[in-house]
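Heads up: the structure comes next, in structure tokens.
The values are calculated or read from the model by the stated rules, or taken from the named source; none is laboratory data. What you see is a predicted model; the values in this text were computed from it and never measured. Neighbour counts are summed over all protein chains in view; Cβ atoms, including those assigned to glycine, are modelled from backbone coordinates with ideal geometry. Calculation scope for accessible area: heavy atoms of the full protein, side chains included, ligands and nucleic acids excluded. Shrake-Rupley method; radii C 1.70, N 1.55, O 1.52, S 1.80 Å.
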Amino acid sequence: MKKTISFASALALTLVIAGCGNNNGANSGNGGKVAEAAPQSSAETTTAAAEPAEVTKIVVGTGTAFPNVCFIDENGKLTGFDVELLKEIDQRLPEYEFEFQTMDFSNLLLSLETKKIDLVAHVMEKNPEREQKYSFNKEAYAHWRNRIIVAKGNDSIQTLDDLKGKKVLTGATSAQAQILENYNKEHGADSIKIVYQNGAANDTVSQVDSGRVDATLAADFVLPIIDPQSKLQAVGPELSSADILYVFRKDDAPSQKLSDAIDGVVTELKADGTLGKISSQWLGADVTTSTVQ
């Protein structure tokens, strides 16, 4: 993405303007003679050339194994809801240039802390545990609810209490893992047997459907994406409701400046309908408001 004016183009424009000035001088009392211009120093030439606008490169951390959110398509291209939304935001922020860096989900927050990346984009929920260590932008770009997911036809599980003694699959450092971990803090360390996932999202379906684990937790939009054959079902009431935001380093002035800039663009994208269109294209529904359509 080219967001600067090249020196060569700016210099050419300067020379054209200078030429026009000389032509005007030829018709202003020099007897048809062109006045000889004083030679320009290299410093003057540099000043005359338009200075390129400064562009700050931002390294965006995301994943590759979340279908329709951040994944590698059949052409080997990184795409999905999070990726395409940030590309649109990048287009509207000429002072920044975004570069994507992919990694396992469990490494994203650590990479942010160690300054290997500048923001995390992986449909991240804001919760009290994360707020202690990280900063979030203010304008949510999605909103959804977490529920328990079980094999089709399994009606024995409806609540977290029903998961006591059972294996529940979740991603390490995920918001869903936090729900399970908080439950175990209140009811005993081994109340729910948490199985931390190593595979991709499509492995979730096979593990739950085969009975290797009893359940998983997922946001409401996820199930039709990862389970198009409807082998699983969502049960019980919502466990949590959350805004989806970008994650930044805490107490960091450049990060706060970027966060504020992104908030402005997300507000624009909501107002002009672009955000809802991107959500519907990739997630099958507009999940960008507190009321899921």
Cut-off 18 Å, label point 7 angstrom out along Cα-to-Cβ of E186: give me the residues of segment 102-142 whose amide nitrogen falls inside. 127-130
Nearest-0.05 FRET efficiency for N127 and N75, computed from C-beta distance (R0 51 Å): 0.90
The answer for the net charge of residues other than R145 whose Cβ lies under 12 angstrom from its Cβ, with Lys and Arg +1 and Asp and Glu -1, is -3
For S230, project a label point 7 Å along Cα to C-beta. Then give me every residue of segment 123-164 with its amide nitrogen under 18 Å of that point. 149-155
If the cut-off is a Cα-Cα distance under 24 Å, which lysines reach K166, setting aside same-chain residues fewer than 8 apart in sequence? K152, K185, K193, K231
Packing-ranked peptide list from 111-122, 135-146, 266-277, 175-186, highest mean Cβ count within 10 angstrom first, is 135-146, 111-122, 175-186, 266-277
Estimated inter-spin distance, D155 and T64, nm [label 7 Å along Cα→Cβ]: 4.4 nm
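Which length gain, in nm to one decimal place, applies between A53 and E113 when the Cα-Cα distance is subtracted from 0.36 nm times their residue separation? Don't skip to the answer; put the middle values down first.
Numbers: separation 60, 0.36 × 60 = 21.60 nm, distance 2.89 nm.
Value of the extension gain: 18.7 nm.
Could you work out what % of the accessible surface of segment 50-152 is carbon and sulfur, using a 1.4 angstrom probe and leaving DNA, RNA and ligands out of the count? List each step's numbers first, then the result.
Values: 2150 of 4710 Å².
Ligands and nucleic acids excluded, carbon and sulfur reach 46 percent.
Which FRET efficiency, nearest 0.05, do L239 and K138 yield, Cβ-Cβ r, R0 25 Å?
Working: r = 24 Å, r/R0 = 0.97.
Calculated transfer efficiency: 0.55.
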For N198 and K277, extending 7 Å from Cα along the Cα-Cβ vector and measuring point to point gives, in nm, a value of 4.3 nm
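What net charge do the residues around L269 carry, taking every other residue with its C-beta under 15 Å from that of L269, with Lys and Arg at +1 and Asp and Glu at -1?
Working: positive: K87, R92, K138, K270, K277; negative: D82, E84, E88, D90, E139, D263, E268, D272, D286.
It works out to a net charge of -4.
Evaluate segment 206-293: find the radius of gyration of its Cα atoms, find its Kirkwood radius, and give the ratio Rg to Rh. Can you show the working numbers first?
Details: Rg = 17.1 Å, Rh = 15.9 Å.
In segment 206-293, Rg relative to Rh is 1.08.
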